[in-house]
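Where a number appears in this text, it was derived from the coordinates with a stated rule and is not lab data. Predicted model, so just to flag it, every value in this text is computed and none were measured. Methodologically, a virtual Cβ is constructed for each residue, glycine included, from the backbone with ideal geometry; neighbour enumeration extends over all protein chains shown.
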Amino acid sequence: MKLFLGAFFKFLCGLLLVGLLIFLPAGTFFYFGGWLFCALLFVPMILFGAVLLWRAPELLEKRLDAKETERTQRGVVAASGMIFLGGFITAGLDFRFGWSSVPLWVTVTASVLLLLSYGTYMEVMRENAYLSRTVRVEDGQQVIDTGLYGIVRHPMYAATVVLFLSIPVVLGSWWAFGIFLLYIPVIAVRILNEEAVLRTGLVGYEAYMKKVRYRLIPFLW
């Protein structure tokens with residue numbers, strides 16, 4: 001019950017915060033892109049959270065813990081927060097003043113990509129029970145090198161890049177898309193720091209890095 005209440009509270013706070021950041025700058029609730037994004041993000045989140053609460057409560061508890069101890073990672077979290085803040089507000093203002101024109105087929109494509117990336121994110125969590133929102137090495141942690149982890153070393157981050165770049169397009173804002181692009185160098189910093197931590201603290205990770213060469217995108221990086 002304590003875990004359920006904690007998860008529900010964070011979900012409600014996230015929903016209210018995103019709603020304020022989108023609809024307040026838009027100056028209206030008649031913002032189709034805003035409602036579409038909220039539905040695409042929060043409906044699967046409810047379903048996935050319910051599954052985790054039932055099947056893997058320990059993993060859900062770890063996902064709710066966002067207290068970073070690494071200095072670099074605290075900077076990454078802060079930078080990500082600023083990107084989201086600026087991106088959502090810009091999207092709302094964009095809708096109010098009509099700065100962008102996003103074709104319907106592009107919005108539909110972005111919506112599909114958002115859902116697919118969300119599904120990939122869930123699959124990564126199924127494959128790796130050690131996933132937490134903070135960079136750390138747990139007691140008994142083992143290297144996962146099968147499934148999506150056999151393609152790239154950080155499939156969860158690959159999924160989040162697609163997800164986050166889909167958000168401003170669903171919201172109908174090219175200006176916000178430019179802001180969300182800043183997430184790419186931020187997540188690159190997180191990955192490099194995380195690999196330094198895992199290489200020194202997780203047995204077998206250095207061998208895994210040699211086995212799976214690419215961090216985020218096959219044949220590129």
Highest mean first, what order results for 30-42, 13-25 on Cβ atoms within 10 Å? 30-42, 13-25
Formal net charge of residues neighbouring P25 (Cβ-Cβ distance under 14 Å; K, R +1; D, E -1): 0
Less than 12 Å Cβ to Cβ from T120, Lys/Arg counted +1 and Asp/Glu -1: what total charge do the surrounding residues give? -1
